[in-house]
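Quick note: the coordinates plus some simple rules give every number you see, no bench work behind them. All values reported here derive from a predicted model rather than from experimental measurement. When we count neighbours, we look across all protein chains shown, and the Cβ atoms used for this are built from the backbone with ideal geometry, even at glycine.
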Amino acid sequence: MIPLVSGLALLVLLIGLAVRREHPDVHIAFMLTAFGLDLALLGWIEVTRHPMARALAPTAPSVWLHAALSLAVVTGYLTMIGLGQRLWNGRPLSRSVHRHIGTLFLALRCVDWVTTFWV
Ligand code: HEM
């Protein structure tokens, strides 16, 4: 269930990425939808599995790694939304930063998805 929903959010991100040039408005909508999906999934996991408590208690390194990656992904989303807003508001200097951090973010999000199979 968790890998499935997380994989769906990743798919939405990749579709949003694919349409970025022709339809920037659709790009934004898809990226924000993926963020909403990931947040909803994190909320559901926190309520049902208490990952924070598990990560703070002695636990398998894989659970700790997944928790750390998920935290980094949420920070990445917030960074990308801030950079995207600047770009949308016509600040062209933000473009290469948005692109480079976006590429890093997507790589991180892919690794995070792989770790959902371990928890
Ligand atoms: C996780 C979220 C996001 C990722 C990974 C991402 C990634 C990217 C990438 C790689 C590009 C191509 C840049 C280039 O080739 O120069 C791009 C373009 C763009 N993004 Fe994002 N983005 C995200 C979210 C957002 C958000 C939230 C906004 C707006 C609020 C936004 C606005 C834009 C705009 C306006 C463009 C330029 C489209 C164009 O005219 O070519 N992005 N994004």
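Being assigned to a helix (DSSP H, G or I) and touching a residue at least 12 places away in the same chain (Cβ under 8 Å) is true for just one of VAL63, VAL114, VAL119. Which residue is that?
One residue alone meets the criteria, VAL63.
Restricting attention to the range 17-68, and to residues there that are over 21 Å from CYS110 (Cα atoms) and of a type in the set (D, E, K, R), which single residue is nearest to the ligand (Cβ to nearest atom)? Across the range 17-68, the extreme among qualifying residues is ARG21.
Given the residues GLY7, GLY43, which is the only one that is exposed (fewer than 14 other Cβ atoms within 10 Å of the Cβ), free of Cβ contacts under 8 Å to residues at least 40 places away in the same chain and more than 17 Å from TRP88 (Cβ to Cβ)? Going through GLY7, GLY43 in turn, just one is exposed (fewer than 14 other Cβ atoms within 10 Å of the Cβ), free of Cβ contacts under 8 Å to residues at least 40 places away in the same chain and more than 17 Å from TRP88 (Cβ to Cβ): GLY43. Does the range 92-101 contain at least one residue that is surrounded by 12 or more Cβ atoms within 10 Å (Cβ to Cβ) and β-branched (Val, Ile, Thr)? Yes, the range 92-101 has at least one match.
Please enumerate the residues belonging to the range 77-91 that are over 19 Å from VAL5 (Cα atoms), within 12 Å of the chain's Cα centre (by Cα) and either near the ligand (Cβ under 8 Å from one of its atoms) or exposed (fewer than 12 other Cβ atoms within 10 Å of the Cβ) (or both).
LEU78, MET80, ILE81
Here LEU14 fulfils each of the conditions (1) surrounded by fewer than 16 Cβ atoms within 10 Å (Cβ to Cβ); (2) within 16 Å of the ligand (Cβ to nearest atom); (3) over 15 Å from MET80 (Cα atoms) apart from (3).
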